[in-house]
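Colleague: This is the structure, below, for whatever I ask next.
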Amino acid sequence: MKKENKKEMDEEMKETKETDNLEQESEDISEKNQNNKVEVEKEGEDIEAKDLDVNDKIESLHKEIALLNDSLLRKVAEFENYKRRSESEQINLIKYAAEPFIKSVLGVYDDLGRSISHIGDEKSIDGVKSGLKLVYDKFTKVLSEQGVKRIESKGEPFDFNLHEALMQQEADDVPAHTVIQEIEPGYLYKDKVIRHAKVIVSQESAASENEEAKSDDDSGNEKE
């Protein structure tokens, strides 16, 4: 009888232990599930916070892009305005490039007109001559101030860079290839020839050529 009671007690203890184990496992599972739930909720909150942060960044970038586009459009508009102004200034510069020269010539033109107005007056012929000389000198000064200079020709050696030879003439009193007469003056504009001087150039006379040839023959005979 005692053995049976002991056996029953052992079985009850075993069952109680198994029950405790099951309860403990159940509690562990429940706690683990609770922890998992907390972690999931926390991860969800983190994800939601990250989504909000990303949305804020996206919105900030959109605003920045809008500002940059607006700034770019303003710069393009400013450049187009500057380009139009520059083109207009260049056109006007080319169109009115001769204005300073014309202003400087107007005084000479007025003086010339006053001189011409007295041509019919026989008593003032000397005055007309003096007036024309004054106009010429004044016009020469205006041209000089603009960088225009007359090419010196007569008596100078012929230079094809400055002169245009219309013909050659024999001349005993000057060396060959010397400008003996200026038909039309030439001019320099600063360092550029804007019109060559039209000139007549000297050449050796026949007598000089014969004398030179005779001199050469005499020299040859003496050597022989």
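Colleague: Strictly over 28 Å apart at the Cα level, which of Lys103/Lys192; Lys95/Lys192; Lys129/Lys192; Lys103/Lys129 would you flag in this model? Intermediate results must be reported in sequence, preceding the final value.
Modeller: Numbers: Lys103/Lys192 23 Å; Lys95/Lys192 23 Å; Lys129/Lys192 33 Å; Lys103/Lys129 25 Å.
Table pairs above 28 Å Cα-Cα are Lys129/Lys192.
Colleague: How do Thr178, Thr140 line up, fewest other C-beta atoms within 10 Å first? Mind dumping the intermediate values first?
Modeller: Values: Thr178 17, Thr140 14.
By the 10 Å Cβ count, ascending, the order reads Thr140, Thr178.
Colleague: I would also like to ask the following. By count of other Cβ within 10 Å, fewest leading, how are His177, His196 ordered? Mind dumping the intermediate values first?
Modeller: Values: His177 14, His196 19.
Fewest-to-most ranking of His177, His196: His177, His196.
Colleague: Averaged over all directions, how much area does the convex hull of the C-alpha atoms of region 98-146 cover when projected, in nm²?
Modeller: On the way: hull surface 12.6 nm².
So the Cα hull casts an average projection of 3.1 nm².
Colleague: A follow-up question, please. Where does each of Phe79, Phe139 land when they are ranked from fewest to most other beta-carbon atoms within 10 angstrom?
Modeller: Working: Phe79 10, Phe139 17.
Fewest to most other Cβ atoms nearby, the residues stand as Phe79, Phe139.
Colleague: For Tyr82 and Leu67 in the same chain, what is the full-extension length gain: residue separation times 0.36 nm, less their Cα-Cα distance, in nm? Please list the in-between numbers first.
Modeller: Values: separation 15, 0.36 × 15 = 5.40 nm, distance 2.24 nm.
The span from Tyr82 to Leu67 would gain 3.2 nm if fully extended.
We did not get these values from a lab; they are worked out from the coordinates using the rules stated. Since the structure is predicted, the reported quantities are computational estimates derived from the model, not experimental observations. All Cβ positions, glycine included, derive from the backbone under ideal geometry; neighbour counts span all protein chains shown.
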